[in-house]
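Have a look at the structure below before the remarks.
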Amino acid sequence: MAFDIEMIKAVYERMPARIAAARALTGKPLTLTEKILYSHLWEGTASTAYARGASYVDFAPDRVAMQDATAQMALLQFMQAGRPQVAVPSTVHCDHLIEAKVASSTDLQVAVDKNKEVYDFLSSVSDKYGIGFWKPGAGIIHQVVLENYAFPGGMMIGTDSHTVNAGGLGMIAIGVGGADACDVMAGLAWELKFPKLIGVKLTGKLNGWTSPKDVILKVAGILTVKGGTGAVVEYFGEGATSMSCTGKGTICNMGAEIGATTSTFGYDASMARYLESTGRADVAALANGVKEHLTADPEVYANPEKYFDQVIEIDLDTLEPHLNGPFTPDLATPISKMKELAEKNGWPTKVEVGLIGSCTNSSYEDIARAASLANQVAAKGLKTKAQFTITPGSELVRYTIERDGFISTFDSIGATVFSNACGPCIGQWARPGAEKGEKNTIVHSFNRNFAKRADGNPNTFAFVASPEMVTALAIAGDLTFNPLTDTLTNDKGEQVKLDAPSGDELPKLGFAAEDAGYQAPAEDGSGVQVKVSPTSDRLQLLDPFTAWEGSDLTGLKLLIKAKGKCTTDHISMAGPWLKYRGHLDNISNNMLIGAVNFFNEKTDNVKNALTGEYGPVPATQRAYKAAGIGTIVVGDTNYGEGSSREHAAMEPRHLGVRAVLVKSFARIHETNLKKQGMLALTFANEADYDKIQEDDSINIIGLGSFAPEKSLTIELVHADGSKESFAVNHTYNEQQIEWFKAGGALNIIRASVK
Ligand code: MIC
Ligand code: SF4
């Protein structure tokens, strides 16, 4: 039986009436996205039609998921909220802290020992507050959620940007910071600006070498890393219904890479098959009972231009496999153009390593199709030129693919099987030689390829592709190999072609696992003691941030004017720093160390206005803090793209940065800043970015009458005493302004409990 079946039943019981009410209020047929959103309003049945892209709306998500690297901060905050139990079903997944070094068995044991105090904390806090706990080795959060918790028409939030993966099972699943998760677990509403809607119509059918990954790689090329901001992407059409459920998961997963709030698909037979095969025939039966509510009204898909803010059409019959990269997931190159582009751009074409798996692409189908290529290596007398690794997404998948012989197929091409964890995808890859910083190319089926992400080497050119393409390119050892047209030379000197990949969507014998790795919480957790050692360097209980002083902020110094891409990996790097995710002061030593200083083009090197000397960003900021001087961070477009990690907002808050002023923000990061009581501002006129000079003193004026839709003023006092000022915008609503005034949203919850 599925987890939380009563909750799912209740959602389906409420749905029809709530959807009918929304249809009547809006006076039009509804998209799937609107149906799910309107049936999860905090107020219950809708009383207003909300304006897309404008209205702030309170929602009541059905569940919360957290991964170990973000759960620590989410749960440290939840502990301060003073509630005895979580208000909605919630889970914690231990996946990010496991390093990929030798192979799964040894790496997992090393992680269990090394992270003991963090796992003990997460397990005890879960036990106490009624949270399901998935042990290290159980798998990656999004895969485990898809296998166990996601359900069509449901709404969930998760403290990881790829929570959106659950859209593959027809959910509205959204990535958030820990403070948002904390609110929902504490029984409060969750607020989101009602999203815009992008419709993607998939015509034709996937065939040959093309896979679901290529759909999202293509969409990323069209929309770019910020094209989905503020929007939900809804996929439909014959190409959607003919694709596997896990393939849909891959597409939704990488919706995070275009900045989309989330992505989703209507309920169909592929979802029913997946639910049944993962032991949830009960959920499929319930969903079948309300199936017309789990997809858009027919008029919508017949006339998408009328109902979506933007429509994109992709013909799967002619879609080519793509490779996206390097350094950004939206630089999309069809494989037939790779030779030309690699040459033109000087990308190294020798593929050193092919890595498959991760939360994005480790379904049974992915692995089966990749294995069908690995099988051809011996059969056709070939040799695999590059190294090859697999990170299975869950124990359920790993056990099943081992049983079905795929692991031994990969073994035969010399593959390394890493733990069921994030591993290389999040810089937890002890790649031999990476420290030398040599220029090299890797191809992987993960979702992100920002500089330094996988192995810490800024000169690793990482390209994202489907598991099938990764396998083919690893066999060929060549980034420009086009398996559709090119041949390889075998051990007899003959020219051979790889046959197109093939594989079952779901295991014929069903999924299996000896121990999936789940630990249920105590029935009554009131007596459970949460384990946090006061001398720990990995966990630190939180102290409340101080409230706003009630006046304009004056005499601020410029900490850094960041140039170009500044993702959450630049603001709060992962890899080696993951170990401090539960210790705010320690992790603050990585603050903005990856951001490029506009004035000298260097990373982690900024001017200390008090001494005139250049030094690391965190140390410089600590000096300002010690002197009681506030600072401001200035950034470019899509600032904070990438992860949901709220550390990227809490670190500046903790170290005394008062405002972040940028050309534009990524959604989750902007909310995280607001939640922590920071000022998140945008230039009214982007060109004003150029006015900010290194030695400026900066005043933020207008806070006395801080109000929604009303701009504030920045006053620059340049080193020569001259002044200039300009307007800056913000998106704070009344409630968010209260967060700012209170010094953070948590201070308000805490006050309401006492
Ligand atoms: C990522 O893919 O960047 C991560 C690591 O999963 C993050 C979460 C984190 O930083 O802990 C995410 O996507 O939100
Ligand atoms: Fe883990 Fe990578 Fe997925 Fe993030 S994207 S959850 S790091 S596997």
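Side notes on the structure shown:
- In nm, spacing of pseudo-spin labels at Ala751 and Asn600 (7 Å Cα→C-beta vector): 4.2
- Using alpha carbons only: equivalent-ellipsoid semi-axes of region 468-549, gyration tensor based, whole Å: 55, 25, 14
- Per residue value of the accessible surface for region 157-249 (all protein chains in place, 1.4 Å probe), Å²: 18
- Hypothetical label at Ile5: residues of region 280-306 whose amide nitrogen lies under 17 Å (7 Å Cα-Cβ projection): 280-290
- The 3J(HN,Hα) values that the Karplus relation (6.51, -1.76, 1.60; θ = phi - 60°) gives for region 216-227 are, in residue order, 6, 5, 5, 4, 4, x, 6, 8, 6, 5, 10, x Hz. Gly and Pro appear as x.
- Cα-based Kirkwood hydrodynamic radius, the chain, one decimal, Å: 26.2
- In angstrom, the C-alpha Rg and Dmax of region 287-351 are 19.2, 56.
- Estimated Rh, region 249-363: Kirkwood, alpha-carbon pairs, angstrom: 17.9
- Value of relative contact order over the chain, rounded to a whole percent, pairs C-alpha under 8 Å and six or more apart: 14
- The chain - percent of accessible surface contributed by carbon and sulfur, probe 1.4 Å: 50
- Inter-label distance, Ser408 to Thr318: 4.5 nm, where each label sits 7 Å from its Cα along the C-beta direction.
- In order through region 460-465: 3J(HN,Hα) via Karplus (6.51 cos²θ - 1.76 cosθ + 1.60), integer Hz, x for Gly, Pro: 7, 8, 9, 10, 9, 8
- Amide hydrogen proximity for Trp429: with H placed 1.01 Å from N in the peptide plane, the residues at 5 or more positions away or on another chain lying under 5 Å are Ala100.
- Residue-averaged [θ]222 nm for the chain, counting only DSSP H segments that reach four residues, each worth -39500 (n - 2.57): -9000 deg cm²/dmol
- Under 5 Å, built H, 5+ apart or other chain: amide partners of Glu191: Phe59
- The slack between Leu341 and Gln519, meaning 0.36 nm per residue of separation minus the straight C-alpha distance, is 59.1 nm.
- Mean shadow area of region 411-507 over all directions, Cα convex hull, nm²: 8.0
- The chain - share of DSSP beta bridges that are antiparallel (%, nearest 5): 35
- Qualifying lysines (Cα of each under 20 Å from Cα of Lys9; at least 8 residues distant if same chain): Lys35, Lys291
- Using the Cβ-Cβ distance between Asn490 and Lys306 with R0 set to 56 Å, the FRET efficiency from 1/(1 + (r/R0)^6) comes to roughly 0.55.
- Exposed GluC sites (Glu not before Pro) absent: longest stretch of the chain, with sites in DSSP loops and at most 12 other Cβ within 10 Å deemed exposed: 44-437
- Loop-located trypsin sites (Lys or Arg not before Pro) across region 316-409 with a Cβ neighbour count of 15 or fewer within 10 Å are Lys383, with loop assigned by DSSP.
- Were the residues from Ala684 through Lys28 laid out at 0.36 nm apart, the gain over their Cα-Cα distance would be 232.7 nm.
- Taking the Cα centre of region 435-536 as reference, the dipole from Cβ charges on Lys and Arg (+1) and Asp and Glu (-1) amounts to some 520 debye.
- A 1.4 Å probe run over the protein chains yields, for region 323-446, 35 Å² of accessible area per residue, whole-number rounding.
- √(5λ) per eigenvalue of the Cα gyration tensor, region 601-754, largest first, Å: 25, 19, 16
- Inter-label distance, nm, simple model (7 Å from Cα along the C-beta direction), Gln109/Glu734: 6.0
- Per residue, region 493-568 exposes 56 Å² of solvent-accessible protein surface, assessed with a 1.4 angstrom probe and all protein chains in place.
- Leu323 long-range amide H proximity, modeled H, under 5 Å: Thr333, Ile335
- Spherically averaged projected area of region 42-170 from its Cα convex hull (nm²): 9.7
- Of all DSSP-defined beta bridges confined to region 135-285, some 5% are antiparallel rather than parallel.
- Accessible area of Phe598 (1.4 Å probe, protein heavy atoms only, ligands and nucleic acids ignored): about 70 Å².
- Vicinal HN-Hα couplings computed from phi for region 489-499 (Karplus, 6.51 cos²θ - 1.76 cosθ + 1.60; Hz; Gly/Pro x): 8, 9, 5, 9, x, 8, 8, 10, 10, 7, 6
- Partner lysines for Lys452 [C-alpha distance under 16 Å; skip if fewer than 8 residues away on the same chain]: Lys436, Lys439, Lys565, Lys602
- Taking a straight line from the alpha carbon of Lys723, these lysines sit under 22 Å away, with near neighbours fewer than eight places off in the same chain left out: Lys557, Lys561, Lys607, Lys663, Lys691.
- Relative to the current alpha-carbon distance between Asp585 and His718, full extension at 0.36 nm per residue lengthens the span by 44.7 nm.
- Top positive-direction residue, dipole computed over the chain with Cβ charges, set Asn699, Val397, Leu97: Asn699
The values are calculated or read from the model by the stated rules, or taken from the named source; none is laboratory data. Everything quoted here is computed from the prediction, not taken from an experiment. Counting neighbours? That spans all protein chains shown, and the Cβs are built from the backbone with ideal geometry, glycine included. With ligands, DNA and RNA removed, areas are computed over all heavy atoms of the protein, side chains included. Shrake-Rupley method; radii C 1.70, N 1.55, O 1.52, S 1.80 Å.
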